[in-house]
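Below is one structure, written out as structure tokens, with a few remarks after it.
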Amino acid sequence: MTAIAPTSRWTPANLHPMQMAFWQSTAVVNATSACRRSFKTEASKRRLIRAALTPSPHAGRRFFACAPTELQAYTIFFEDLCAMTPTFALRTGNPDRDIRRSDLTIHLRDGAIIRVAGTDRPSRLEGGFWDGGICDEYGDCRPEILEQHILPMMVRPGAYIDIIGTPCGRNHWYTLVERIKSGDLPNAAHFTWKGSEVLHLYLGRERAEEVLSQARATMDEDTYRQEWEAAFTSPRNQVYYAFRADDHVEPCEYDPRTELHVAFDFNVSPGVAIICQERRYTGSNPHVARGEDVTMALDEVWIESNSNTRKVCAELLRRYGNHEGDVWIYADASGGSGHSSQ
């Protein structure tokens, strides 16, 4: 990864092509959802030190490394970042003076600082612009930490953020990855790799297979896929934890002559209804039975707040008022009571 190691802490590393792509990335947002013990945090540390040591015309540059709590951030980052920073790069060349454990900062010769902090105290990530940073275990951080506290501080040319962690249910971590994959987040890149693809690079093929075999024997399928295949399949935060978009999502057209099935939930915030039709499947998914009708979820009404049944019905009429077939209504049996406890 480097011709001359800055310190002895920079041990040699053999990289998978996807890991090399992460190491070389110049994107502003780099999201790495990868398996346990697979170099993602180590690569981010090295990227941070490399960025901090790279000469820049900008004075007073600031870099950070954070995790869900300050204790986690200290445990994951601080001593390693200290060991990875060469003495010649420190502000005075004296580690006792330039590495401040009282506020978890490292002060460099050109005026740059590296700060370690927990996202449970967002104020430590505010108050000035950042030139680079790491957010580890992102799935366990506050959902608003990235867009409300980090990205607004990263406006200088060349600023970047490495967001890393193992998948953690279908939460904000999953949402961020999906936004990047869909192209919804500009100047962002997503990287991922499985244990079966990388562990042999560090442990040797035989030992890597032992680790994975033991994991398969002691974990259920979803947990194994989450921890060692970097898949967002954990049942946590999911009603239908067996849901797979590749198997269960496919475009289907509304038929104005086929029965329309509308299911209500008489909430106020939000007011919702789902619209379905039952028809024979004509797609190409081999997992779908073709001998009988399947239920196709076509549409939904979602009124975020201050809703009522009349508003939901008005929206349904706006969309489907010209429907030619029968309409079947399925209502929440507790809706007439006026509150959910009944």
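The values are calculated or read from the model by the stated rules, or taken from the named source; none is laboratory data. For clarity, every value in this text was computed on a predicted model and none was experimentally measured. In this analysis, Cβ positions are derived from the backbone assuming ideal geometry, glycine residues included, and neighbour counts consider all displayed protein chains. Ligands, DNA and RNA are excluded from the accessible area calculation, which covers all protein heavy atoms including side chains. Shrake-Rupley method; radii C 1.70, N 1.55, O 1.52, S 1.80 Å.
Odds and ends about this structure:
- Over all other residues within a Cβ to Cβ distance under 13 Å of residue 195, the charged ones net out to +3, with Lys and Arg as +1 and Asp and Glu as -1.
- For the stretch 1-97, the relative contact order comes to 36 percent (Cα pairs under 8 Å, sequence separation of at least 6).
- Share of carbon and sulfur in the accessible heavy-atom surface of the chain [1.4 Å probe, %]: 51 percent
- Rg then Dmax, both in Å and based on the Cα atoms of the stretch 20-76: 12.9, 37.
- Between residue 311 and residue 278, residue separation times 0.36 nm minus the direct Cα-Cα distance comes to 9.3 nm.
- Relative packing of peptides 313-324, 57-68, 38-49 - highest average C-beta neighbours within 10 Å first: 38-49, 57-68, 313-324
- Within the stretch 244-275: backbone nitrogen closer than 16 Å to the residue 331 label point (7 Å, Cα to C-beta): 262-268, 272-274
- Helical runs assigned H by DSSP (4 residues or longer) give the chain a calculated mean residue ellipticity at 222 nm of -7500 deg cm²/dmol, each run adding -39500 (n - 2.57) before division by the residue total.
- Rounded D (µm²/s) - the stretch 262-301, Kirkwood Rh over Cα pairs, Stokes-Einstein at 10 °C, 1.306 mPa s: 134 µm²/s
- Within the set (1) 1.27; (2) 1.08; (3) 0.99, the number that Cα Rg over 2.2 N^0.38 Å takes when calculated for this structure is listed as (1).
- When only Cα pairs below 8 angstrom with a gap of at least 6 residues are kept, the stretch 108-250 shows a relative contact order of 20 percent.
- Scaled radius of gyration (Cα, divided by 2.2 N^0.38 Å) that the stretch 148-231 gives: 1.38
- FRET efficiency, residue 103 to residue 79 (Cβ-Cβ, R0 22 Å, nearest 0.05): 0.90
- Local net charge near residue 267, Cβ-Cβ under 15 Å (Lys/Arg +1, Asp/Glu -1): -3
- Relative contact order (%) - the chain, alpha-carbon pairs under 8 angstrom, separation at least six: 17 percent
- The residues packed around residue 230, meaning those with a beta-carbon under 10 Å from its beta-carbon, carry a net charge of +1 if Lys and Arg are +1 and Asp and Glu are -1.
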